[in-house]
Each structure stands twice: as structure tokens, then as C-alpha cells.
């Protein structure tokens, strides 16, 4: 597998609500952590219609700080995950500033990145359970056979090719 082949498999082309084309990539390790942090912050924000009578929740300094912190994390994730057009904190000849994005495009990209990252509870739970299995029994008799195993045809354990 080539570097470019690896990258291309982890990209997705989207058409935003404004009609513009964006190419996103799956988050890397640091961006996954930021997505998890943003998800935890999002869960702390009361929904617009949490009350039975549909009245909006009270806006407090704490909820404002939580929304601000979540948006800061999402800015970083968008900057990393949007491959094209390039997005940065500040505008340049080669990049849009994060603040130049229309709000509907911004939230569309956030939603698409979350979905493409596949942070479903089931997937995340399985990831950590698999890690625990491997840590407790690395390659032993009862290890999960669906895991990729090193192939002995090269000194580093990988296949030639």
C-alpha cells in the first residue's frame, strides 16, 4: 500500500448546504481526542427543548463557557480534517479562515466529521475492549483471531510488497 493510497481511502467528498465541495479526512489520533472531548462537552449542554413545555434552557456563564470550549475544539478538528479547501485560523491566499465558513457549512462539517470518525458508543467500547484483550493476552492462545498478526516473511514482521 502506498502513502497516497492510505490517505485516499480515508477521505470523503461532500457538498455543503451552501453548495460548495469539501473533502474531509478521518481524524488522526489528536483529533479523535478532541472529538471525544467535544462530545463530552456537548453532552453537558442542555438541549434547546429539554423542558416539557418547550421553553429554552437558561443560558448561564457556565453553559456559555462550555459552548465556547466545544467550538474551540471543533475549530481545531475542522482545520485538521478538511483537506480541501484548506482551512486555517486566519485567512491567507491558500486558506479560508475558520470564521469565513458559513454557520450552516460549519455545523454540516462538524456533523460529517463526527459521522466519518464513527465515534458510536458501540464502536468506541469495542475499541477499548479489544485493547484490553491485547494488553492482557498479547498474541496468546486465546487472543482474538480477527486481529492482524505479524507475518514472519520479513525481519520486521510485515509482508513484502
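The values are calculated or read from the model by the stated rules, or taken from the named source; none is laboratory data. From a predicted model like this one, the values you see are computed outputs, not experimental measurements. FYI the Cβ positions are ideal-geometry reconstructions off the backbone, even for glycines, and counts take in every protein chain you see.
General remarks:
- Restricting the stretch 46-71 to residues that are at pLDDT 70 or above, under 30 Å from residue 24 (Cβ atoms) and surrounded by fewer than 14 Cβ atoms within 10 Å (Cβ to Cβ), the residue that is nearest to the chain's Cα centre (by Cα): 68
- Sole residue being within 20 Å of residue 113 (Cα to Cα) and either assigned to a helix (DSSP H, G or I) or in contact with a strand residue (DSSP E or B) (Cβ under 8 Å, 6 or more places away or on another chain) (or both), chosen from 37, 62: 37
- Verdict on residue 76 being surrounded by 13 or more Cβ atoms within 10 Å (Cβ to Cβ), modelled with pLDDT of 90 or more, in a helix (DSSP H, G or I) and in contact with a helix residue (DSSP H, G or I) (Cβ under 7 Å, 6 or more places away or on another chain): yes
- Residue within the stretch 75-95 that is under 22 Å from the mean Cα position of the chain (by Cα) and more than 20 Å from residue 113 (Cβ to Cβ) present: yes
- Pairing residues of the stretch 10-24 that are touching a residue at least 12 places away in the same chain (Cβ under 8 Å) with residues that are part of a loop (DSSP other than H, G, I, E, B) and surrounded by 15 or more Cβ atoms within 10 Å (Cβ to Cβ), at Cβ distances under 7 Å and at least 6 apart in sequence or on separate chains, gives 10/26; 22/16.
- Residue match in the stretch 31-42 (condition: exposed (fewer than 11 other Cβ atoms within 10 Å of the Cβ) and within 19 Å of the chain's Cα centre (by Cα)): no
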